Amino acid sequence: MAFPSSPSHKRKPLGDLFDTTSSSSAAAPEPSSPVKRTKMLADLHRSVRQKWPSMRACNEVPITIRADTSYRTYAADQNPEALFEKATRYLGSMRNVDRTPEQQEILIKELHESIIHAIFGSNRIEGAGLGFDVTLHLCRKILRGEPVPDIDDRDPEYESKLLELYNHDKTLQGKPSQYVLRGRREIVQHMRAFQHIIHHFVILEEDMTESLVKDTHAILCKGVPIVDERYPDVPSEKYAGKYRTVAVGAGNTMFVMPKFVPVKMTEMCADLKKEIEEGEARGIDPFSLASKYSLKFVEIHPFQDGNGRMCRMILNSILLRYAGIVVPIGEREEDRVEYMDIKKRASRDMEGHGEYATFVLKKGARMIQKMKQKLHGKKSS
């Protein structure tokens, strides 16, 4: 998580979460409305049934998945060439296969579960959200198309709605209600933001534009103020979906100065569009491409907060579009440490995304194997 020259963001203290100056709706884009979320969910299910593992239109020429030369090992037992061959072999065996209705439902269920795990892991890295059981409960409700409205302390059902959360995670007993409600909002908005970027970049095959990135960030951070005891609170409408105007850094790393953020983001989106066009014509490496541009994004750090979660949504939207998978990162402590160490080395040594690409490839190959096993009724190892 970034700092405005180094604040760490904490949960909103008791009594302040419902202050109208800090929790009023940020200008979240209209695509986050309930009706449009229902349509996005239906479109996702239809696309999975018709297209998976390639999420491109059925009448298009299949894209060749081809490894690039970016991979770098960071552990003795790593073999990117073998991992890539394994991943593409599994993907190839699942293309153009007539699946039963039961297998289609397995695909949708597994995709839903991987999204939920990705949200939990991503939040955990940033100290956001709540425990896995509550994350699972809330995200499953959203993915079933059920309403998950905001909880307001003026709501007549406030106590019962709050009790629902406590019942799903006994470790929340004794936690302040505002802590729980902020965590709940961070989960719900993360899920809605994920749906939004998947719908536009994966299902509709739109470009990864600055507008899409900003809109996704606006949904992610809606109603979640930046809180640091050393600085005045920043309400969500002041930063959600808006490029930052303050210098930020993490540890000894300072990110792009604010005045250069717009041009760097324009360059990033243009470069990604160009690489996608070339890759679709000649062969694409989804693992390297996803790693490269999620790393580029986080090195720019265009927003005052939420950059880590955004970079992992960008990573997974590229993986889903071209490999049909979502890769959770950060659920386990050793996974989080490995991931953060790779990102730190990339920033420190300026040697590109090679190690990160190997990390993503390793997790991606495992996820593809799991999907194949699930489709064939085998237990994943």
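The values are calculated or read from the model by the stated rules, or taken from the named source; none is laboratory data. Quick caveat: nothing in here was measured; it's all calculated off a predicted structure. Because the Cβ atoms are built from the backbone with ideal geometry, glycine has one as well, and the counts that use them run over all protein chains shown.
How many residues does region 74-108 contain that are part of a loop (DSSP other than H, G, I, E, B) and either among the polar types (S, T, N, Q) or farther than 24 Å from THR64 by Cα (or both)?
Looking only at that region, the number is 8.
Farther than 17 Å from LEU361 by Cβ, crowded, with 18+ Cβ neighbours inside 10 Å and modelled with pLDDT under 90: which single residue out of PRO53, PRO7, PRO34 fits that description? Lay out the reasoning, then the answer.
Details: PRO53 fails: farther than 17 Å from LEU361 by Cβ; PRO34 fails: crowded, with 18+ Cβ neighbours inside 10 Å.
Within the list PRO53, PRO7, PRO34, the selection yields PRO7.
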Output the number of the condition that LEU220 fails; it satisfies all remaining conditions of (1) under 23 Å from ARG336 (Cβ atoms); (2) surrounded by fewer than 23 Cβ atoms within 10 Å (Cβ to Cβ); (3) modelled with pLDDT of 95 or more.
(2)
Kindly indicate the residue of region 321-341 that is aliphatic (A, V, I, L, M), farther than 18 Å from PHE84 by Cβ and touching a residue at least 24 places away in the same chain (Cβ under 8 Å) and also surrounded by the fewest Cβ atoms within 10 Å (Cβ to Cβ) among those meeting that condition.
MET340
Any residue at all in region 286-309 that's farther than 28 Å from MET367 by Cα, of a type in the set (Val, Ile, Thr) and modelled with pLDDT of 95 or more?
yes
Do the conditions hold for SER122, that is, is it among the polar types (S, T, N, Q), in contact with a Lys or Arg (Cβ under 9 Å, 6 or more places away or on another chain), surrounded by 12 or more Cβ atoms within 10 Å (Cβ to Cβ) and at pLDDT 95 or above?
yes
Filter region 60-89 for residues that are surrounded by 12 or more Cβ atoms within 10 Å (Cβ to Cβ), more than 22 Å from ALA281 (Cα to Cα) and either basic (Lys, Arg) or modelled with pLDDT of 90 or more (or both) and give the result.
ARG72, THR73, ASN79, PRO80, LEU83, LYS86
In region 178-199, which residues are of a type outside the set (A, V, I, L, M, F, W, C) and either part of a loop (DSSP other than H, G, I, E, B) or touching a residue at least 40 places away in the same chain (Cβ under 8 Å) (or both)?
GLN178, TYR179, ARG182, GLY183, ARG184, GLU186, HIS190, ARG192, GLN195, HIS196, HIS199
Being surrounded by fewer than 22 Cβ atoms within 10 Å (Cβ to Cβ) and either in a helix (DSSP H, G or I) or touching a residue at least 24 places away in the same chain (Cβ under 8 Å) (or both) narrows it down to one of LEU162, LEU138, so name that one.
LEU162
For region 200-212 the number of residues that are part of a helix (DSSP H, G or I), touching a Leu at 6+ places or on another chain (Cβ under 8 Å) and surrounded by fewer than 23 Cβ atoms within 10 Å (Cβ to Cβ) is 2
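Per-residue answers, yes or no, for (1) surrounded by 14 or more Cβ atoms within 10 Å (Cβ to Cβ); (2) part of a loop (DSSP other than H, G, I, E, B):
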| residue | (1), (2) |
| --- | --- |
| PRO232 | no, no |
| LYS242 | yes, yes |
| ALA247 | yes, yes |
| THR266 | no, no |
| GLU277 | no, no |
| SER288 | yes, no |
| MET310 | yes, no |
Is one or more of the residues making up region 345-356 among the charged types (D, E, K, R) and closer than 26 Å to VAL224 by Cα?
no
Is it the case that region 71-94 has a residue that's closer than 14 Å to GLY324 by Cβ and in contact with a strand residue (DSSP E or B) (Cβ under 6 Å, 6 or more places away or on another chain)?
yes
So how many residues does region 91-105 have that are at pLDDT 85 or above, under 26 Å from the mean Cα position of the chain (by Cα) and of a type in the set (D, E, K, R)?
1
